[in-house]
Amino acid sequence: MLTLGIRYLNGFSAAAAPDDMERAEWPPHPGRVFMALAAAHFQTGADQTERQALLWLEGADRGGEITAPAVAASEATQRAIVKHYVPVNDRAGPAKALLHSLPLTRARQERVFARAWLEEDTAYLLWRDLEPPPHYREALAKLCAKVTRIGHSTSLVQMWVAEAAEAGEPNWVPDDNRAIEDLRIAGPGTLEYLERQYNTPAVEDYANLKAQEMEAESPKIKREIRKQLSEDFENQPPPQQRPTLPLRQGYAPPLPDQAPAIVGTVFTPHLLTVQLKPESSTYKALDLTSTLNVINRMREAILSHSNDLSAPVRRLLSGHSVKGGPSDQPHLAFLPQAFVGSKHADGHLMGLGLALPADISRTDRREALRAIAGVRDLKLGPLGCWHIEPIIASRPPWNLRPNAWTAYERGARHWSTVTPIVFDRHPKTKDRTQYQEEVAQMITRACNRIDLPKPKDIIATHISAHPGVPPAFQFPRIKRKDGSERRHVHAILIFDEPVCGPILLGAGRFRGYGACRPL
């Protein structure tokens, strides 16, 4: 087993997420840690034993096997973003800021530095199935001792090869099927790619030529060196490109040793949860009745990032077949995560849960996650602009936790709607008893449609059983293509055995309506 320890000496991690400079990256991505080890290798002589150890770690020296580590990392709180104005390269000429009365000035450009304050200052990467040869372990230990930062230059760290008992149990494990975080990892070929980006041979050749030019005493030799600099480098330092790691691995909290077999739905219980925060709005929060508007805009925003994805993934995100008609397969669904279910609940919308089908492939899931991660803002017209933020805390508020809405892993027998169930077909009868029976039959069919058993009891009601949920008549109605409106109703469902969610029922189940929560 190989375990790497990382102590953040300042008590925070200063590293921006690869797709959002204003969001802190936490837990630390194994790919970023590998890049820090590679940088230490490049900058300290590029010892060949160290290089072989890195090739072994990435998998190139193990037959191309990709092995993602488990991660043990505490909860983190993102610091509020503060804009800084950072001096850039000196330039001659007049400007606003003089440097110590010299005729040089420095232009300042806006920068932000995302930071996450850590509950515990030490994190670990654990490769449980890897046992490095002794000389590779020794080389990795030397490399760790050379690493001074991971991320920004203020993110000072101490790294070491740790004992397994020191790390304890991880709280993030590689699991694409249950993934709620997508972390970059290193795979075969990563070190060679980093070497090309670092461009060491060209940098050294340029530096040697410049040194020779300065030391040359003969004007003729100087001219020859300048000519070579012009021909080989166009009199510019060779570029060193910022690397990007495309290889990602889904991570999820570990499962218990014996996970109970509970009936679930066609949707995965491992929701992707995002928060909603006002960016430019006269409202401090949105309420549940804005669910349809918010989710429609969220869906449109995701689809705008899906043009370069494969046809199956576009179908998965849009819910439409290649020909444009409604898909007959499960696809991406949304549910509102609101402050409900407690004594002081007011029903304000805290975030959104995104539910993917439980049986999608690993490749399709990764493609879908890339499109979802591209959405950062929602423009909601009169409701203003709202920022979409992934949740980085390991213990977020209860209403933003997936299991508050899915009852995973133990399941629940009693459920009630948070948004009303939209009728597939309107009952024709005017008799109250028959009306209840027809609605119950419709809800039973809706349960069967998502692989749930028939409920033991169904109670249709205009009022939800969850405190904080508005009555059904306050929710906007979904319209048909002909402009007519569909009716909807709240309901209480009781099953004979515990079931897991997400439970999304009725004609509006993919757009946030018919969302149930355990009682």
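Whether a residue is out of contact with any strand residue (DSSP E or B) (no Cβ under 6 Å at 6 or more places or on another chain), surrounded by fewer than 21 Cβ atoms within 10 Å (Cβ to Cβ), touching a residue at least 40 places away in the same chain (Cβ under 8 Å) and of a type in the set (G, A, S) was assessed, and A311 does not pass this test. K284 meets the conditions (1) touching a His at 6+ places or on another chain (Cβ under 9 Å); (2) surrounded by 14 or more Cβ atoms within 10 Å (Cβ to Cβ) in every case but one. The failed one is (2). Determine if segment 176-191 includes at least one residue that is in a loop (DSSP other than H, G, I, E, B) and over 18 Å from H29 (Cβ atoms). Yes, because at least one residue in segment 176-191 is in a loop (DSSP other than H, G, I, E, B) and over 18 Å from H29 (Cβ atoms).
Here's the yes/no breakdown for (1) within 24 Å of R362 (Cβ to Cβ); (2) modelled with pLDDT under 85; (3) in contact with a Lys or Arg (Cβ under 8 Å, 6 or more places away or on another chain):
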site: P238; (1), (2), (3): no, yes, no
site: I262; (1), (2), (3): yes, yes, yes
site: A285; (1), (2), (3): no, no, no
site: S290; (1), (2), (3): no, no, no
site: R299; (1), (2), (3): yes, no, yes
site: I302; (1), (2), (3): yes, no, no
site: L316; (1), (2), (3): yes, no, no
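What about R7, is it among the charged types (D, E, K, R), assigned to a strand (DSSP E or B), touching a strand residue (DSSP E or B) at 6+ places or on another chain (Cβ under 9 Å) and at pLDDT 90 or above? Spelling it out, R7 is indeed among the charged types (D, E, K, R), assigned to a strand (DSSP E or B), touching a strand residue (DSSP E or B) at 6+ places or on another chain (Cβ under 9 Å) and at pLDDT 90 or above.
P476: part of a loop (DSSP other than H, G, I, E, B) and surrounded by 18 or more Cβ atoms within 10 Å (Cβ to Cβ), yes or no? So P476 does not fit the description; no.
Entry remark, segment 212-225: residues being over 27 Å from E195 (Cβ atoms) and either exposed (fewer than 15 other Cβ atoms within 10 Å of the Cβ) or among the acidic types (D, E) (or both) number 9 in total. Per the listing N208, N235, the residue uniquely farther than 26 Å from R128 by Cα, part of a loop (DSSP other than H, G, I, E, B) and free of Cβ contacts under 8 Å to residues at least 40 places away in the same chain is N235. Going by the structure shown, is R413 at pLDDT below 85 and not β-branched (V, I, T)? Against the criterion (at pLDDT below 85 and not β-branched (V, I, T)), R413 does not qualify.
Pairs linking a residue in segment 161-173 that is more than 25 Å from K146 (Cβ to Cβ) to a residue that is among the charged types (D, E, K, R) and surrounded by fewer than 17 Cβ atoms within 10 Å (Cβ to Cβ), with Cβ atoms under 8 Å and 6 or more positions apart or on different chains, do not occur.
If you check L209, L194, L229 for being surrounded by 12 or more Cβ atoms within 10 Å (Cβ to Cβ) and modelled with pLDDT of 85 or more, only one passes: L194.
Screening segment 318-339 for residues that are in a strand (DSSP E or B) and under 19 Å from the mean Cα position of the chain (by Cα) and picking the one that is surrounded by the fewest Cβ atoms within 10 Å (Cβ to Cβ) gives F334.
Scanning segment 17-38 for residues that are part of a helix (DSSP H, G or I) and farther than 17 Å from Y198 by Cα turns up just one, P30.
When only residues in segment 10-33 that are within 16 Å of L369 (Cβ to Cβ) and modelled with pLDDT of 90 or more count, which is surrounded by the fewest Cβ atoms within 10 Å (Cβ to Cβ)? Within segment 10-33, the match that is surrounded by the fewest Cβ atoms within 10 Å (Cβ to Cβ) is G31.
Each row is one residue, and each column tells you yes or no for (1) surrounded by 14 or more Cβ atoms within 10 Å (Cβ to Cβ); (2) in a strand (DSSP E or B); (3) at pLDDT below 80.
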{"position": "A40", "(1), (2), (3)": "yes, no, no"}
{"position": "A53", "(1), (2), (3)": "yes, no, no"}
{"position": "L57", "(1), (2), (3)": "yes, no, no"}
{"position": "D61", "(1), (2), (3)": "yes, no, yes"}
{"position": "S74", "(1), (2), (3)": "yes, no, no"}
{"position": "A80", "(1), (2), (3)": "no, no, yes"}
{"position": "N89", "(1), (2), (3)": "no, yes, yes"}
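The values are calculated or read from the model by the stated rules, or taken from the named source; none is laboratory data. Computed from a prediction, not measured in an experiment: that's the story for all the values here. Here the Cβ is made from the backbone with ideal geometry for all residues, glycine too, and neighbour counts use every protein chain on show.
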